[in-house]
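Worksheet: one structure, shown below.
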Amino acid sequence: MKRITVIAGHYGSGKTEFAVNFALDLKKKIDAEGRHDKVALLDMDIANPYFRSRERQKMLTEAGVETIYNTFGFDITEDLPAITAAVRGPLENPDYQVVVDVGGNDSGARVLKQFAKYLTGDDVELLCVLNGNRMETDTVDGMIEHLESIELETGLKFDGIINNTHMLTETTAEMIVKGYRLCSEVSGKLGIPVVWNTCREDLLDDLKALMDMENVYPLKLYMRPSWLDK
Amino acid sequence: MQEKRLLKGNEAFAIAAINAGCRFYFGYPITPQNEVPEYMSRELKKVGGSFIQAESELASVNMAYGAASAGGRVLISSSSPGIALMQEGFSDLAVIQAPVVAINVMRSGPGIGGIQPGQADYFQVTRGGGNGDYHIIVYAPKSIQEACEMIYNAFDVADEYRNPVMICADGMLGQMMEPVCVPEPREAMKEEDIPAAKPWALTGHKNQRERNAINSVFLQQEVLEDFNMNVLAPKYEKAKKELPEAEIIDVEGAEVVFVSYGSTSRMAREAMEILKEEGIKVGLIRPKTLWPFPDFAFEQIGESTKHVIAVELSMGQMMQDVKLALNGRIPVSLINKVGGVLLDPEEIAERTKKIMEVR
């Protein structure tokens, strides 16, 4: 377990949903182990004004996860490409376990460049979220091209892949397996591991019946309002 | 329909337009619709189309004027303040009878407003921000799937009516993801086929026919009156007969009927279920066309209905059309949020119960 986990990827790949789940689970794990590390979620998404982790700040704060994004203290939504200097606190302070949620694509990940000095050490893990159901990442070549464009833009190297192949409420276990196969091939070609295969909690049994997959990460859907599926 | 894919709204809108045979796009960036020009800038050239990033919205609507006059299938897109800048152009497109499709991914206002979803463009798009007795045909999708189908068909409607057609989505629909089946790609019209399909278009007379002219100026008042009364007005009357569309759910026997369009109607839909569990019968009229407004749907509201409630993200702009459609028959109330704040199904249910207490 690294101290800093950076979540990047294509827009619409499900970075924020994973980051929110990951931060909450991390906090639970730390509490269960009786440790005292603090957990911070740094929302560095300045590419997209919608569906950002800060929208769940209340829930995250109540669960003990500090959420840091801008200096205004509320979800200001004008196109301000600004991140508060306060994000440096958790990046520098070894008492923190940090989850960094960045914006989509290479353009969204560009923001990482200014924090590069914090993101190259041994206690950092840079993960790329890939959704095999998205049109530009539904092939091995597409996934690699996408991943490498983010690396090129940020000058950072990914340490691992998160297979987050989904179709929202219409996700099936078969899709997760399809994504697993794509991501495994990408993993083989690039020499970085598939760290997680995400699976909505209610699909865990279906997935188990289909394949004995390693590193399955059960997901709750925190970001999607229920009325969107009416 | 193509295979089901997970698409972001704006991305899907652009794909639907290209699949409908659109080959010209002129745009200027504005949140929350930027993925439309982004996609077009990358993909339109691959199918032989032309993308231009204009220097402003005013320029892009006038580029559409030119391309449509020459018989092209044209898309423009923007968001509320950008659509406001285009209003003069829409009036011009109406007077030259240019078939242009516009996508408006609405945000909040007035002025620059905010970049979160809104529906306060209702007046601007149904009443016309531009001058003169013109109308734009306006569709309002509730989902990305429906938006794709509306965009796909809008090009045909625009051609048939020789009139601008707008798809009024909102920031939520533009930015969210949904599994979508986009309509199959159609062949774009070949340049040599344009003169037969659009005999009015500026395709070059080559000394083979009379010159065509696209005219937006009528110097004699009688000629301009004749154009308004005998060209535009009958076209709009035909549109009012043929185009209004609405989804009508559980209106028969309902105590309360919600009227709501776009993504907001999905919140109203969930509120209906909350209220149903409490024994309150609620119906829904969801206008799929904002102009012409689906007046016909309101004829289905019977004696059982004591309250009609406009549920919208504006200070009650659509509510005025609801009142006109009901013509004083039933009291009309408003449940709303503005400024980019969204309604919540629970809140809609609570406010409905408050309204029902009023006799």
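Does region A:92-114 contain at least one residue that is within 21 Å of residue A:151 (Cβ to Cβ), part of a helix (DSSP H, G or I) and at pLDDT 95 or above?
no
Yes or no: residue B:102 assigned to a strand (DSSP E or B) and within 27 Å of residue B:178 (Cβ to Cβ)?
Working: assigned to a strand (DSSP E or B): yes; within 27 Å of residue B:178 (Cβ to Cβ): yes.
So residue B:102 passes the test.
Here is a yes/no grid of residues against (1) at pLDDT below 95; (2) over 29 Å from the mean Cα position of the chain (by Cα); (3) of a type outside the set (Gly, Ala, Ser); (4) not assigned by TED's automatic domain parsing to the domain that holds residue B:164:
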{"site": "B:184", "(1), (2), (3), (4)": "no, no, yes, no"}
{"site": "B:199", "(1), (2), (3), (4)": "no, no, yes, yes"}
{"site": "B:207", "(1), (2), (3), (4)": "yes, yes, yes, yes"}
{"site": "B:215", "(1), (2), (3), (4)": "yes, no, yes, yes"}
{"site": "B:221", "(1), (2), (3), (4)": "no, yes, yes, yes"}
{"site": "B:226", "(1), (2), (3), (4)": "no, no, yes, yes"}
{"site": "B:229", "(1), (2), (3), (4)": "no, no, yes, yes"}
{"site": "B:238", "(1), (2), (3), (4)": "no, no, yes, yes"}
{"site": "B:241", "(1), (2), (3), (4)": "no, no, yes, yes"}
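Name every residue in region A:87-120 that is acidic (Asp, Glu) and either surrounded by 17 or more Cβ atoms within 10 Å (Cβ to Cβ) or under 27 Å from residue B:180 (Cβ atoms) (or both), in order of residue number.
A:101, A:106
Criterion first (assigned to a strand (DSSP E or B) and assigned by TED's automatic domain parsing to the domain that holds residue B:102) does residue B:179 satisfy it?
Spelling it out, residue B:179 is indeed assigned to a strand (DSSP E or B) and assigned by TED's automatic domain parsing to the domain that holds residue B:102.
Note down all Cβ pairs under 7 Å where the first residue falls in region A:43-60 and is within 18 Å of residue A:85 (Cα to Cα), the second is of a type in the set (D, E, K, R) and assigned to a loop (DSSP other than H, G, I, E, B), and they're at least six residues apart or on different chains.
Within 7 Å, the pairs are A:43/A:52; A:45/A:52; A:54/A:75.
Would you mind telling me which numbered condition in (1) of a type outside the set (Val, Ile, Thr); (2) away from chain B (no Cβ under 14 Å); (3) surrounded by fewer than 23 Cβ atoms within 10 Å (Cβ to Cβ); (4) in contact with a Lys or Arg (Cβ under 9 Å, 6 or more places away or on another chain) residue A:47 fails?
Going through the list (1) of a type outside the set (Val, Ile, Thr); (2) away from chain B (no Cβ under 14 Å); (3) surrounded by fewer than 23 Cβ atoms within 10 Å (Cβ to Cβ); (4) in contact with a Lys or Arg (Cβ under 9 Å, 6 or more places away or on another chain), residue A:47 breaks only (2).
Residue B:233 fails exactly one of the following numbered conditions: (1) among the hydrophobic types (A, V, I, L, M, F, W, C); (2) farther than 28 Å from residue B:49 by Cα; (3) assigned by TED's automatic domain parsing to the domain that holds residue B:18. What is the number of that condition?
All conditions pass for residue B:233, except number (3).
Mind listing whichever residues of region A:1-44 are polar (S, T, N, Q) and within 12 Å of chain B (Cβ to nearest Cβ)?
Matches in region A:1-44: A:13, A:16.
Identify, by number, the condition in (1) under 29 Å from residue A:180 (Cα atoms); (2) touching a Pro at 6+ places or on another chain (Cβ under 9 Å); (3) modelled with pLDDT of 90 or more that residue A:127 doesn't meet.
The single condition residue A:127 does not satisfy is (2).
Residue B:254 passes all but one of (1) touching a helix residue (DSSP H, G or I) at 6+ places or on another chain (Cβ under 8 Å); (2) closer than 27 Å to residue B:320 by Cβ; (3) assigned to a loop (DSSP other than H, G, I, E, B); which number fails?
Failing condition for residue B:254: (1).
Within region B:1-59, which strands (runs of 3 or more DSSP E) (wholly inside it) include 2 or more residues that are touching a residue at least 60 places away in the same chain (Cβ under 8 Å), within 14 Å of chain A (Cβ to nearest Cβ) and more than 21 Å from the chain's Cα centre (by Cα)?
In region B:1-59, the matching strands (runs of 3 or more DSSP E) lie at B:5-8.
The values are calculated or read from the model by the stated rules, or taken from the named source; none is laboratory data. On a predicted model such as this, the values are computed, not experimentally measured, just so you know. Here Cβ is always computed from backbone atoms with ideal geometry, including for glycine, and neighbour counts include all displayed protein chains.
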